[in-house]
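Quick notes on the structure that follows.
The values are calculated or read from the model by the stated rules, or taken from the named source; none is laboratory data. All of these numbers come straight from a predicted model, not from anything done at the bench. Here the Cβ is made from the backbone with ideal geometry for all residues, glycine too, and neighbour counts use every protein chain on show.
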Amino acid sequence: MLTGRLLGESWVLAWAGRIRVYSGLFGATLKSSIYNAFHHRFTVVVACLAFLLVIAGGLVTSNNAGLAVPDWPTSFGHWFKAHMVGGIKYEHTHRLIAELVGSLTIIVAVWTWLVDKRRWMRWLTVGAVAGVVFQGVLGGLTVLEFLPPAISTAHAAVGQTMFCVLGAIAVFTSRGWLVEPDESITKKEARPLLRHCWMLIGFLYLQLILGAAFRHVWTKWGPAAANRWPAQKIIHAFLYPHILNALLVSGLVLYVSLRAISKHSKIPHLRRPAIMLLILLIAQLLLGFAAYVTRVILGVDELQPTANLVATTVAHMGTGALMLAVTVILTIQAYRYSGEPAQVLSIDGNREVASA
Amino acid sequence: MRQIVCIFLVLGALILAGCDQTQKPPESSGKTAPQSPQTPTVVVDKSTAGSVSGVISFKGAAPKMPMLDMSSDPACPPNPQAPDVVVVKNGKLANVFIYVKDADRLGTFAAPSDPVVMDQRGCHYTPHVLGLMVGQPLKILNTDTAEHNIHPMPKNNTAWNESQVPRGDPIVKTFQHPELMMPVECNQHPWMKMYVNVLPHPYFAVSAPDGSFQIKDLPPGEYTLVAVHEKYGEQTTKITVAAKQSATANFIFSSESK
């Protein structure tokens with residue numbers, strides 16, 4: 001799967017092991033010296049802002065406003081000031097939120113290094129900073145290279161990845177994460193769930209890339225822009241595979257969710273994301289259909305983006321981002337609950353992983 | 001950590017590998033392109049030159065185009081505006097680009113130094129379709145009180161994207177390669193779109209609101225005449241231009257065209 005390749009599955013497994021080391025060090029009670037309520041709430045705010053940033057990015061693309069501000073990294077030569085009309089308000093707002101999220105991610109990293117002694121956690125926040133910087137550079141390249149679909153699609157995919165990373169950081173700093181689980185699942189039970197979670201992440205990434213490529217090719221070469229690719233060609237190349245992949249994603253969501261709900265119903269950290277995934281799937285299928293109607297059936301000859309097209313497309317993209325993030329969290333929790341602390345401790349038992 | 005760095009490096013390499021690797025033509029500039037000293041330019045003998053004229057008609061009812069909502073910018077007209085995509089009046093079609101396809105066999109033509117003017121007025125591009133020669137200046141005005149950005153999306157020429165403040169200094173550009181129906185858009189106002197046609201010879205015209213067009217000073221001979229509309233595609237016809245005579249070529253587009 002793409003995610004597996006991107007993250008390096010072996011590294012993730014090792015990383016998950018570290019998580020188990022950490023969670024296994026404490027008894028059933030919370031290590032109060034680790035949990036920092038302000039730090040955690042701050043990470044939650046940053047994760048929410050990252051989601052807002054994903055939505056703002058979707059509004060830029062859907063309103064065909066990606067080049068409304070011709071320069072980068074400044075907007076018309078200024079960092080903050082811009083005449084917020086027409087397409088400028090979408091593009092400049094997206095940049096302002098991006099600057100805010102970038103700055104707050106740096107604060108998360110510094111704060112984590114100050115209050116959290118978990119080495120992997122510290123480096124995860126450093127990775128998050130590197131990720132948002134990389135994402136910012138991709139955003140700049142989309143502007144300076146006039147929206148090349150490959151870079152714009154990568155910008156969309158990395159943006160949602162960073163939302164997942166910041167969401168995971170919020171989970172790792174939560175009170176619930178720092179308490180040793182009361183329940184556990186055996187590795188034998190966990191294996192099918194984890195395997196299908198990884199498959200789901202992979203197919204969700206494929207779905208994300210196909211959806212983003214469809215929108216960005218449409219915006220760059222489609223009927224409303226350069227008019228170089230006929231609408232039907234873009235639909236055949238990207239939208240039909242997107243719809244086909246939606247069937248695979250739906251099947252995997254059903255399997256993963258129903259398995260988590262039926263077999264691990266006593267574990268809220270598995271049950272809740274599973275229920276959430278089912279709800280999101282229903283919403284996503286309806287939104288996908290609505291986005292198809294507004295763009296492909298009603299919107300091919302539109303001379304400007306309509307409110308319905310923008311609303312359905314952005315909502316569809318945002319729900320997709322939430323599905324990916326919830327699946328990542330479900331996967332992380334599945335790893336956590338499938339751990340056997342005694343065995344894991346024997347690997348890394350002497351390491352000091354918590355601050356006194 | 002090393003693995004994280006590797007992941008980002010690999011991702012970056014993949015993205016760069018996926019970028020368009022097409023060779024970019026030389027940068028457009030504000031100056032007229034100099035002609036090669038070795039290539040003699042064609043001097044048309046006006047005493048024998050003919051012309052071609054005609055009318056572009058539209059068969060059937062004109063399609064009902066959605067009105068443009070410009071309310072997102074207070075400096076644009078507040079009321080819904082008619083689009084320029086299909087302009088049919090009394091059965092005649094405007095904004096069709098007509099050109100002589102095989103006129104480049106006549107030789108090399110010198111580009112005029114007079115610019116072709118394009119204006120942004122009422123949050124519309126005026127004209128909606130224009131033609132100019134390779135190397136001929138395109139002078140872009142903004143007589144609006146709104147700021148605009150001008151973003152051509154060429155296939156053969158260099159892309160650029162520049163903003164222009166209200167009533168700001170003109171932007172002057174040239175295009176170095178022939179290209180037909182190059183879209184130009186404003187991303188601040190997504191309804192604003194027009195087409196630039198760049199040819200190596202002067203034998204082109206754009207149909208007027210009454211559908212008429214005329215191409216003058218054409219040396220006698222047989223040619224292929226092409227009419228292109230942004231929505232209804234391309235039509236071709238053969239013409240014979242006799243000395244000092246005007247050939248006639250009419251085109252009929254319909255909603256079934258393309």
Exercise for review: Those residues that are in a strand (DSSP E or B), closer than 26 Å to residue B:111 by Cα and among the polar types (S, T, N, Q), I need them from the range B:210-258; list them, please.
Suggested key: B:212, B:214, B:224, B:236, B:240, B:246
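Can you find a residue that is hydroxyl-bearing (Ser, Thr, Tyr) and modelled with pLDDT of 95 or more anywhere in the range A:183-206?
Filtering the range A:183-206 down to residues hydroxyl-bearing (Ser, Thr, Tyr) leaves A:184, A:186, A:205.
Add one more test, that the residue is modelled with pLDDT of 95 or more, and what stays is A:205.
Yes.
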Review point. Among (1) away from every other protein chain (no Cβ under 12 Å); (2) in a helix (DSSP H, G or I); (3) touching a Gly at 6+ places or on another chain (Cβ under 9 Å), which single condition is residue A:177 missing?
Key: (3)
Practice item. Sort out which residues of the range A:93-136 are in contact (Cβ under 8 Å) with a residue 24 or more places away in the chain, within 11 Å of chain B (Cβ to nearest Cβ) and either basic (Lys, Arg) or within 30 Å of residue B:162 (Cβ to Cβ) (or both), and write them in order of number. Key: A:119, A:133, A:134, A:135
Practice item. Kindly provide the set of residues from the range B:176-197 that are farther than 25 Å from residue A:89 by Cα and within 11 Å of the chain's Cα centre (by Cα), ordered by number. Key: B:178, B:179, B:180, B:181, B:182, B:195, B:196, B:197
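Can you list the strands (runs of 3 or more DSSP E) lying wholly within the range B:142-209 that have 1 or more residues being hydrophobic (A, V, I, L, M, F, W, C) and at pLDDT 95 or above? Give the derivation first.
Working: elements: B:148-152, B:162-164, B:171-173, B:179-185, B:193-199, B:204-206.
So the answer is B:148-152, B:171-173, B:179-185, B:193-199, B:204-206.
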Revision key, fill the gap. Residue B:197 vs (1) within 9 Å of chain A (Cβ to nearest Cβ); (2) closer than 19 Å to residue A:228 by Cα; (3) of a type outside the set (Lys, Arg): all pass except (1)
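Please work out if residue B:192 is free of Cβ contacts under 8 Å to residues at least 40 places away in the same chain, aliphatic (A, V, I, L, M) and within 30 Å of residue B:69 (Cα to Cα). Even if it seems obvious, please write down each step before you answer.
On the way: free of Cβ contacts under 8 Å to residues at least 40 places away in the same chain: no; aliphatic (A, V, I, L, M): yes; within 30 Å of residue B:69 (Cα to Cα): yes.
No: the conditions fail for residue B:192.
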Exercise for review: Return yes or no: is residue B:145 under 25 Å from residue B:79 (Cβ atoms), surrounded by fewer than 21 Cβ atoms within 10 Å (Cβ to Cβ) and touching a strand residue (DSSP E or B) at 6+ places or on another chain (Cβ under 7 Å)?
Suggested key: no
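Mind telling me which of the residues B:144, B:102 ends up being over 17 Å from the mean Cα position of the chain (by Cα), within 30 Å of residue A:90 (Cβ to Cβ) and more than 10 Å from chain A (Cβ to nearest Cβ)? Full working, then the answer.
Values: B:102 fails: within 30 Å of residue A:90 (Cβ to Cβ).
B:144 is the lone residue from the list that is over 17 Å from the mean Cα position of the chain (by Cα), within 30 Å of residue A:90 (Cβ to Cβ) and more than 10 Å from chain A (Cβ to nearest Cβ).
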Review point. Is there a residue being closer than 27 Å to residue A:295 by Cα, of a type in the set (A, V, I, L, M), within 11 Å of another protein chain (Cβ to nearest Cβ) and part of a helix (DSSP H, G or I) anywhere in the range A:65-81?
Key: no
Study note, to complete from the structure: Expected output for the range A:196-208 (first residue on the phi < 0 side of the Ramachandran plot, partner of a type in the set (Ser, Thr, Tyr) and surrounded by fewer than 23 Cβ atoms within 10 Å (Cβ to Cβ), Cβ below 6 Å, 6+ apart or cross-chain) is A:196/A:255
Point to revise | Selection within the range B:160-194 - facing chain A (nearest Cβ under 9 Å) and among the small types (Gly, Ala, Ser) | key: B:163
Revision key, fill the gap. Of the residues in the range A:280-309, those that are more than 14 Å from residue A:223 (Cβ to Cβ), within 14 Å of chain B (Cβ to nearest Cβ) and either in contact with a Cys (Cβ under 8 Å, 6 or more places away or on another chain) or crowded, with 19+ Cβ neighbours inside 10 Å (or both) come to A:294
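State all residues of the range A:122-172 that are among the β-branched types (Val, Ile, Thr) and closer than 17 Å to residue A:49 by Cα; if no residue qualifies, say none. Outline the logic, then answer.
First, the residues of the range A:122-172 that are among the β-branched types (Val, Ile, Thr): A:125-126, A:129, A:132-133, A:137, A:142-143, A:151, A:153, A:158, A:161, A:165, A:169, A:171.
Matches in the range A:122-172: A:125, A:129, A:132, A:133, A:158, A:161, A:165, A:169, A:171.
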Exercise for review: Would you mention how many residues in the range A:243-268 are more than 22 Å from the chain's Cα centre (by Cα) and either of a type in the set (Lys, Arg) or surrounded by fewer than 20 Cβ atoms within 10 Å (Cβ to Cβ) (or both)?
Suggested key: 7
Review point. Any residue in the range A:38-60 that is at pLDDT 95 or above, under 30 Å from residue B:185 (Cα atoms) and within 11 Å of chain B (Cβ to nearest Cβ)?
Key: yes
Point to revise | Positions within the range A:98-119 being out of contact with any Ser or Thr (no Cβ under 6 Å at 6 or more places or on another chain) and within 16 Å of residue A:164 (Cα to Cα), in sequence order | key: A:98, A:101, A:102, A:104, A:105
Review point. How do the strands (runs of 3 or more DSSP E) wholly within the range B:62-130 filter down when requiring 1 or more residues that are of a type outside the set (Lys, Arg) and surrounded by fewer than 16 Cβ atoms within 10 Å (Cβ to Cβ): which remain?
Key: B:116-121, B:124-126
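Could you count how many residues in the range A:137-154 are more than 8 Å from every other protein chain (Cβ to nearest Cβ) and surrounded by fewer than 19 Cβ atoms within 10 Å (Cβ to Cβ)?
Of the range A:137-154, the ones more than 8 Å from every other protein chain (Cβ to nearest Cβ) are A:137, A:139-144, A:147, A:149, A:152-153.
Retained after the next criterion (residues that are surrounded by fewer than 19 Cβ atoms within 10 Å (Cβ to Cβ)): A:137, A:140, A:144.
Residues that pass the stated criteria total 3.
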Point to revise | Residue that is surrounded by the most Cβ atoms within 10 Å (Cβ to Cβ) [pool: residues in the range A:210-226 that are within 11 Å of chain B (Cβ to nearest Cβ) and part of a helix (DSSP H, G or I)] | key: A:219
